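Below: one structure, written as structure tokens.
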Amino acid sequence: MATIGMGDIKKNVRLIIGEVPYKVVEFQHVKPGKGAAFVRMKVKSFINGKVVEKTVHAGDKFEVPEITYKTMQYLYDDGEMFQFMDNETYDQIGLTHEQCDDVSMWFKDGISVDIVFYKGEAITVTPPETMELVIAETPPNFKGDTSSGSKKPATLETGAVIQVPYHVLEGDTVKVNTVECEYLEKVK
């Protein structure tokens, strides 16, 4: 298995810390006036999605996890697990609510998602980076609500809540960034 050291730490680099695969989401190289340089990083677990802070010193080595992705179709929530289907073999797999906790708000019947596999087992899911969704509920506009940059909350058809500009109304279709959980544009 490949290994990486302190100098190889960058955003989105994958590494194993204590048998758990992580992805670097933030990092900062620190060179203090006294002492050796080190890297402060935030890493996100592929297993449970938790973000933790770690400090890496020169000489620290990490193994690179063998992570594979497979595009599958979201089918339904059976109450205990979210069910997905392989579009080629039609095999079904289930992931628990804990495994999909932070991304389940984007699940819509029939969408294609990337299932993350580690050591041959499905561990989590990644929704598409952008999606077009219908606004299910948002407060109405009031006269004078035209100041630039102002936002209001809107609930999407999947149940996710995002901030949208005042001109967006119920029933409108909007393009959303699922990674940052933000409004991108209104779809014509």
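All of the numbers you see were taken from the coordinates with simple rules; none came from a lab. Keep in mind that this is a model prediction, so the values were computed, not measured. No Cβ is skipped: glycine too gets one built from the backbone with ideal geometry, and neighbour counts run over all protein chains shown.
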Problem - Extended-chain gain in nm, criterion 0.36 nm per residue less alpha-carbon gap, ASP91 and ILE67 - result: 6.6 nm
Handout entry: Under 21 Å from the Cα of LYS119 - lysines, other chains or at least 8 residues apart
Key = LYS23, LYS44, LYS50, LYS61, LYS70
Exercise for the section: Pull out a ≥ b ≥ c, the square roots of the eigenvalues of the alpha-carbon gyration tensor of the range 57-163, then state rounded if a/c is under 1.5, prolate if not and a/b is larger than b/c, and oblate in the remaining case. Expected result: oblate
Fill in the blank from the handout: Checked the chain with the C-alpha gyration tensor, a ≥ b ≥ c its square-rooted eigenvalues, rounded below a/c of 1.5, otherwise prolate if a/b is larger than b/c and oblate if not; verdict oblate
Handout entry: Under the Karplus curve 6.51 cos²θ - 1.76 cosθ + 1.60, θ = phi - 60°, whole-Hz ³J(HN,Hα) for the range 109-121, x wherever Gly or Pro sits
Key = 3, x, 6, 8, 10, 9, 8, 9, 10, 10, 6, x, 10
Practice task
List, in order, the whole-Hz ³J(HN,Hα) value for each residue of the range 64-70 obtained from phi through the Karplus relation with A = 6.51, B = -1.76, C = 1.60 and θ = phi - 60°; use x for Gly and Pro.
Solution key: 9, x, 8, 10, 10, 10, 9
Problem - GNM flexibility winner over the chain from PRO165, PRO128, PRO140 (Cα, springs under 10 Å) - result: PRO140
Handout entry: R0 of 35 Å, Cβ-Cβ distance ASP114-VAL30: FRET efficiency to nearest 0.05
Key = 0.55
Fill in the blank from the handout: Between the alpha carbon centres of the range 1-30 and the range 91-119 the gap in Å comes to 24
